[in-house]
Protein chains: 2
Amino acid sequence: MNLLNGKLFTEAEAAVLRDIIANRRDVRGNRFLDKPVEEAILQQLLDAALFAPSVGFSQPWEFVLIRDKDIKQQVKESFTTENEKATPVFKTEKQSVYALLKLEGIMEAPLNIAVFYRPSGKPVLGQTSMEEVGLYSVVCAIQNMWLMGRALNIGIGWVSILDPEKVKRIVNAPVENKLVAYLCVGYTDGFYTQPELEVLQWEKRKPEQTTVFYETY
Amino acid sequence: MNLLNGKLFTEAEAAVLRDIIANRRDVRGNRFLDKPVEEAILQQLLDAALFAPSVGFSQPWEFVLIRDKDIKQQVKESFTTENEKATPVFKTEKQSVYALLKLEGIMEAPLNIAVFYRPSGKPVLGQTSMEEVGLYSVVCAIQNMWLMGRALNIGIGWVSILDPEKVKRIVNAPVENKLVAYLCVGYTDGFYTQPELEVLQWEKRKPEQTTVFYETY
């Protein structure tokens, strides 16, 4: 068996990936449809996550699939509390824009996924100098899922305006676990052609030359 | 202009993404070819990174492209130091396997990329309750780049056995920046059909049911 026999991709296949990456969006509650996500679709999202890279092949991810309205409502309450704290943080002229933004889709999305990092409890190859790479493996799984969602025309939104300890308690997560992301998942009435925050000029897209350096800073 | 007019993907396009995700590998120095990565290819990798999601559209990533042998050599020295510390951490029976593993490709890969998180310095939408999501945005950019690399048949390896503070000093990174990843990038003599650590039975693939929970733990 030639283990080095991994498939070579064509330029047309690379172009498909480029297109999926460029069209991926963060989807919020004003776009989700009240239509369940089929098991076969969910399975494809999970498969994409489970094939993510992980430090030392540790696969330190756990996914809590939430459809229960009472559980979602409790998470939504944490969002509301945290979002009220967030508004005054922004400059006065931005606060009115901030207040108009829909920043989550917890109740509207038929499926929520709480994504956790579970520490291995034993030494992990590659994690001995930079402990945080375990968390980063979980983020790679989320990004795989997000891209696969877009390819399947399923919207995903990442809600980060939450108290992670409250969410842990709501889903009875083990104390050693860490909440990495809370995702809202579902069909949508369409996908934006550009990021919403770019359209609204909340932030500008950075020119590439400001983020790329050669040899050293 | 209908902003909600984002492209819908076909099942065949989703299958291409599934295939790229399943075939992505962590590539080490025993596989890299001594062949430069063309500018047009590098540009596609950077474009993939720059279209990643980021909290509040903050785009908090910076990329240092390293081809200089002296700089690479200094990073390699940090790897060697950290790797010597790592070996005794593992159980005696695993140490001989560990010692045989090629865990980086710093000198062999024609291109190295040090990827940093640069804090915005002002409040970021979505980052007010979970500060760490800024780092996670950078990881999403890395995963986009990794998948695009695989689609272009370019190998990428993530080296995490490094002292991040030493790497910062080597590339003169601003003190407020945080090293997220150090990547080795280049053409390869092939791609493994399975993760190397799975083939070597360093770790087993986890069954899906152990990582997926319903409603709560």
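When chain B is treated as a GNM, springs tying every alpha-carbon pair under 10 Å, which of B:Gln44, B:Gln74, B:Gln127 comes out with the largest mean-square fluctuation? In this elastic network of chain B, the residue with the biggest mean-square fluctuation among B:Gln44, B:Gln74, B:Gln127 is B:Gln127. Using only C-alpha atoms and all pairs of different ones, pull out the Kirkwood radius for region A:85-173 in Å with one decimal. By the Kirkwood definition, the hydrodynamic radius is 16.2 Å. All other residues whose Cβ lies under 15 angstrom from that of B:Lys35 are scored, Lys and Arg at +1 and Asp and Glu at -1, for a net of -3. Computed on the Cα atoms alone, the convex hull of the protein assembly as shown gives a volume of 141 cubic angstrom per residue.
Straight Cα distances below 19 angstrom link B:Lys102 to the aspartates and glutamates B:Asp26, B:Asp34, B:Glu77, B:Glu82, B:Glu84, B:Glu93, B:Asp163, B:Asp189, B:Glu196, B:Glu198, B:Glu203, with same-chain residues fewer than 8 positions distant left out. Considering only B:Gly121, B:Gly56, B:Gly105, the Gaussian network model of chain B with Cα springs below 10 Å gives its largest mean-square fluctuation to B:Gly121.
Taking B:Ser160, B:Ser129, B:Ser137 in turn, the Gaussian network model of chain B (Cα-Cα springs below 10 Å) assigns the largest fluctuation to B:Ser129.
Each of B:Leu101, B:Leu46 was scored by other Cβ atoms within 10 Å of its Cβ. Listed from fewest to most, they are B:Leu101, B:Leu46.
Here B:Lys69 is the anchor, and the lysines within straight C-alpha reach of less than 16 Å, apart from those fewer than 8 places off in the same chain, are B:Lys35. Computed about the Cα centre, the dipole magnitude for the protein assembly as shown is approximately 240 debye when only Lys and Arg (+1) and Asp and Glu (-1) carry charge, each at its Cβ.
Checking the cross-link pairs B:Lys85/B:Lys166; A:Lys76/A:Lys166; B:Lys122/B:Lys168; A:Lys7/B:Lys94; A:Lys178/B:Lys94; A:Lys7/B:Lys204 against a 19 Å limit on the alpha carbon distance flags B:Lys122/B:Lys168; A:Lys7/B:Lys94; A:Lys178/B:Lys94; A:Lys7/B:Lys204 as lying beyond it. The translational diffusion coefficient of region A:113-214, from Stokes-Einstein at 10 °C and 1.306 mPa s with a Kirkwood hydrodynamic radius over alpha carbon pairs, comes to 96 µm²/s. Between copies, A:Lys206 shows label-point distances of 3.2 nm, shortest first, with the point placed 7 angstrom from Cα along Cα to C-beta.
Each residue in A:Ser58, B:Ser96 was given a count of other beta-carbon atoms within 10 angstrom of its own, and listing them fewest first yields B:Ser96, A:Ser58.
Here, region A:63-137 yields an orientationally averaged convex hull projection of 7.6 nm² when only Cα atoms define the hull. When you restrict to C-alpha pairs under 8 Å that are six or more residues apart and normalise by the size of chain B, the relative contact order lands at 34 percent. Eigen-decomposition of the gyration tensor built on the alpha-carbon atoms of chain B gives equivalent ellipsoid semi-axes of 28, 24, 21 angstrom, largest listed first.
The numbers here are math on the coordinates, done by the rules we state, and not lab data. Every value quoted in this text rests on a predicted model; they were computed, and no experiment measured them. Every residue, glycine among them, receives a Cβ derived from its backbone with ideal geometry; neighbour counts consider all protein chains shown.
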